[in-house]
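Data block below; observations after.
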Amino acid sequence: MTASWPDDARPRRRAGVLARREGEDLVLYRPGSESFSQLNASAGALWELCDGDTTTAEIVAALTELTGRPAAEMRALVTDTLDRLVQSDLLDRSGTAEPD
């Protein structure tokens, strides 16, 4: 199931998630879980922007500028990464319409 991320959605990092830099990567761990997620530099930048204030459209624009990738390609990558972070229970969808 693919989540819907409208331009005005404001993804928020789940409280209590621990983040640690490993070179250019960012490693995320939620205490009580038995897994961790390792994000590359672009996905780590996306994670930092998931502050509950920054909209999906603003995240796409910032990462488009950072990477130089086309906006449509970046939109797809952002949506996919947000979905994966939700599935890993690292990100809150609060304020975002749930998918059907």
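Taking 0.36 nm per residue of separation and subtracting the Cα-Cα distance, full extension of the segment from Asp53 to Arg14 would add 12.7 nm.
Contact order for the chain, expressed relative to its length and based on alpha carbon pairs under 8 Å spaced 6+ residues apart, stands at 41 percent. When Leu91, Leu18 are compared by accessible area of protein heavy atoms, the largest-first order is Leu18, Leu91, using a 1.4 Å probe.
Rolling a 1.4 Å probe over the protein chains gives Val17 an accessible area of about 30 Å². Taking only protein heavy atoms and a 1.4 Å probe, the accessible area of the chain is 48% carbon and sulfur.
Connecting C-alpha atoms closer than 10 Å in a GNM of the chain, tell me which of Ala41, Ala62, Ala15 has the biggest fluctuation. Highest fluctuation of the listed residues: Ala15.
Report the far tail of the P(r) of the chain, meaning the percent of Cα-Cα pairs longer than 23 Å. When every Cα pair of the chain is considered, 21 percent fall beyond 23 Å. With both labels modelled 7 Å from their Cα along Cα-to-Cβ, the Glu24 to Asn40 distance reads 0.9 nm.
The values are calculated or read from the model by the stated rules, or taken from the named source; none is laboratory data. What you are looking at is a predicted structure, and each value in this text was computed from that prediction instead of being measured. Counting neighbours? That spans all protein chains shown, and the Cβs are built from the backbone with ideal geometry, glycine included. Protein only, heavy atoms only, side chains kept; ligands, DNA and RNA dropped before computing areas. Shrake-Rupley method; radii C 1.70, N 1.55, O 1.52, S 1.80 Å.
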